[in-house]
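Input: a single structure, listed below in structure tokens.
The values are calculated or read from the model by the stated rules, or taken from the named source; none is laboratory data. In this text, all values refer to a predicted model and were calculated from it rather than measured experimentally. All Cβ positions, even for glycine, are placed from backbone atoms using ideal geometry, and neighbour counts span all protein chains on display. Surface accessibility is based on the protein's heavy atoms, side chains included, excluding ligands, DNA and RNA. Shrake-Rupley method; radii C 1.70, N 1.55, O 1.52, S 1.80 Å.
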Amino acid sequence: MSSTALRPPPNRANRTADATDAPDTPRPRLPALARALLAYVGVRALGLAVLALWAHRQHHGVWPILATQWDAEYYLGIADHGYAHALGGMDGGNNLVFFPLYPVLVKAVAAVTPGTRATTGLCLAVAASLLAAWGVHAVGDRLHGPRAGVLLTVLWAALPVGLVQWMGYTESLFTACAAWTLYALLTDRPLTAACLATLAGLTRPTGIAVAAAVTLTCLLSWRRPRALLAAFLAPLGWCAYVGWVGLRLHRWDGYFAVQRTWRNEVDGGLDTLRQFRSLLLYDPTPELFLLLVTATLLASVALFALSLRDRQPLALLVFTAVTLLIVLTSGGVYFPRARYLLPAFPLLLPIAVRLMRAPARYRHIILSMAVLGSAYWGAYMTLVWTGPP
């Protein structure tokens with residue numbers, strides 16, 4: 001029941017009276033979406049302020065951190081010069097590992113707007129983060145009501161690596177595609193979901209998780225021609241880029257060969273377990289950021305178990321399960337795995353639902369701790385940790 005339904009009807013005799021004559025008239029609340037987006041911007045603005053203060057004390061500029069370093073440099077290079085033509089050596093420098101949608105957008109928008117491509121890339125990431133926050137809220141609202149939508153949005157904003165949402169990376173764009181794909185499935189619009197899944201598949205390697213959610217969900221509705229068409233269309237973006245890389249390198253496993261140059265290939269989770277054992281049992285002075293990554297991975301597995309217990313819709317479970325499977329079973333680079341899980345926002349739904357039912361005092365304490373922690377970890381990740389986020 002909405003809050004307006006609980007208000008007593010106005011006194012007919014005073015209907016024409018000035019509203020200022022009734023000081024006890026309750027103020028109308030902002031719509032849930034507006035509250036969610038304002039809260040999102042507030043959380044991320046706080047993180048940006050902490051980063052700026054910390055960077056100033058260390059005589060660092062904030063702009064290069066957000067717009068031009070690490071993966072952002074590769075995306076800008078693709079927008080400027082295109083993709084590599086050869087595989088190269090095992091140096092992790094082949095830019096074919098990066099999917100094309102974001103750099104293509106950067107190049108296209110920068111061609112018709114003032115400013116540098118770095119400026120364009122960062123603005124696109126911030127704009128995509130707002131679209132993603134809207135989609136995250138829409139999914140939470142659809143499943144559990146507007147309060148859950150707002151809480152889910154705040155939790156997504158307050159992830160420890162949430163600063164990446166406002167960097168020249170693809171996580172925000174990918175989350176926007178994933179969130180709206182899942183919302184389209186929840187509202188029974190399979191063709192819309194398939195089109196969005198195609199875009200997700202052109203954005204990040206884990207776009208295959210979005211495609212899997214659409215394909216499996218639609219195949220269960222195989223008697224509907226639209227659903228069958230959507231099941232076929234969903235993986236086309238991911239398959240198109242992987243196939244194009246193979247043609248460019250003249251080998252059928254071209255994209256996976258590129259991944260191996262980055263020392264990143266599926267090993268069934270052996271490297272993940274080795275990292276857990278080393279960091280938690282044997283390393284006497286483990287790097288703090290790697291402990292955060294480990295805690296994020298372990299918490300994500302526990303949250304997926306809660307998602308199963310809560311009987312989330314199949315589309316959400318498939319998306320998070322495939323994403324987790326990719327992240328946990330990949331060998332090679334370990335430090336960015338918390339970032340890789342940033343788009344898997346349905347994992348936060350069990351927390352949002354339980355916070356919605358908790359007393360307001362505890363809810364405020366937990367959210368405050370999450371927001372402040374996110375602000376700290378964002379600055380730590382970019383100014384203390386010496387590797388990419």
So, ALA125, is that one of a type in the set (Gly, Ala, Ser) and under 20 Å from the mean Cα position of the chain (by Cα) or not? yes
Would it be correct to say that THR203 is open to solvent by less than 10 Å² (accessible area, probe 1.4 Å) and assigned to a loop (DSSP other than H, G, I, E, B)? yes
Which residues, taken from segment 133-144, are open to solvent by less than 20 Å² (accessible area, probe 1.4 Å) and more than 11 Å from the chain's Cα centre (by Cα)? HIS137, ALA138, VAL139, GLY140
Report, by residue number, each residue of segment 331-352 that is more than 15 Å from the chain's Cα centre (by Cα) and either surrounded by fewer than 21 Cβ atoms within 10 Å (Cβ to Cβ) or basic (Lys, Arg) (or both). GLY331, GLY332, VAL333, TYR334, PHE335, PRO350, ILE351
Got at least one residue in segment 283-297 being assigned to a helix (DSSP H, G or I), over 17 Å from TRP385 (Cα atoms) and either open to solvent by 40 Å² or more (accessible area, probe 1.4 Å) or modelled with pLDDT under 95 (or both)? no
Can you report the number of residues in segment 353-370 which are open to solvent by 50 Å² or more (accessible area, probe 1.4 Å) and either closer than 19 Å to THR296 by Cβ or of a type in the set (Lys, Arg) (or both)? 5
Kindly list the number of the only condition in (1) among the β-branched types (Val, Ile, Thr); (2) surrounded by 14 or more Cβ atoms within 10 Å (Cβ to Cβ); (3) at pLDDT below 95 that fails for THR25. (2)
THR198 meets each of (1) open to solvent by less than 30 Å² (accessible area, probe 1.4 Å); (2) under 18 Å from the mean Cα position of the chain (by Cα) with one exception, condition (1)
Across (1) under 24 Å from ALA128 (Cβ atoms); (2) in contact with a Gly (Cβ under 7 Å, 6 or more places away or on another chain); (3) open to solvent by 50 Å² or more (accessible area, probe 1.4 Å), ILE326 clears everything bar (2)
Being open to solvent by 30 Å² or more (accessible area, probe 1.4 Å), in a loop (DSSP other than H, G, I, E, B) and touching a residue at least 24 places away in the same chain (Cβ under 8 Å): is that true of ARG311 here? no
